[in-house]
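The values are calculated or read from the model by the stated rules, or taken from the named source; none is laboratory data. Predicted model only: the values in this text are computed from it and were never measured. Note: ideal-geometry Cβ built from the backbone for every residue, glycine included; neighbour counts use all protein chains shown.
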């Protein structure tokens, strides 16, 4: 059975000589990195490597993880550049009006009056709220803040999002 897997970060480098790795995270869930949790390291076509988190700490804007049985820099060199993933069964139940990135990316975006704008191609997390990067059929990408004043409806099952653009957003 092929389990769907979801990215939660990327291993960008080693840290020190005792087997820690530096992670750029793409998850809001701090508990993903709790010691004892299982994660998988995988490239595009590799068989995922099952890893158990031994320790987690923050350092200069990055997450540092150490995995059980990976005790020095030589043990983790082959993990550099791989994505950190979890299985679908490890996804957390979300509150109402919360969504996973993979549910939003690929959705078509329309205005309240039915005008198609494009589709969500990526999500940025620069600060207080996420920003959705919308690819138009022609023209520059549009940045849409994920706030109530702009995003009016989300229909995950139809892959459709309806927004009320703020003044200047679509210029």
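Scanning region 56-79 for residues that are in contact with a strand residue (DSSP E or B) (Cβ under 6 Å, 6 or more places away or on another chain) and within 13 Å of residue 23 (Cβ to Cβ) returns 56, 57, 62, 63, 64, 65, 66, 67, 76, 79. Candidates in region 23-38 are the residues that are touching a strand residue (DSSP E or B) at 6+ places or on another chain (Cβ under 6 Å) and farther than 22 Å from residue 122 by Cβ; of these, the one that is surrounded by the most Cβ atoms within 10 Å (Cβ to Cβ) is 33.
Cβ-Cβ contacts under 7 Å between residues 6 or more apart (or on different chains), taken from a first residue in region 97-114 that is at positive phi to a second residue that is not in a helix (DSSP H, G or I), are listed as 106/119; 106/120; 106/159. Cβ-Cβ distances below 7 Å connect the following pairs, each with a first residue in region 139-153 that is farther than 18 Å from residue 99 by Cα, a second residue that is not in a strand (DSSP E or B), and a separation of six or more residues or different chains: 142/136; 142/169; 142/170.
Do we have residue 31 as under 30 Å from residue 147 (Cα atoms), in contact with a helix residue (DSSP H, G or I) (Cβ under 8 Å, 6 or more places away or on another chain), in a helix (DSSP H, G or I) and modelled with pLDDT under 90 here? Working first, answer last.
Values: under 30 Å from residue 147 (Cα atoms): yes; in contact with a helix residue (DSSP H, G or I) (Cβ under 8 Å, 6 or more places away or on another chain): no; in a helix (DSSP H, G or I): yes; modelled with pLDDT under 90: yes.
No: the conditions fail for residue 31.
Do you know which residues across region 36-55 are within 15 Å of residue 19 (Cα to Cα) and without any contact (Cβ under 8 Å) to a residue 40 or more places away in the chain? Listed by number, the residues that qualify are 51, 52, 53, 54, 55.
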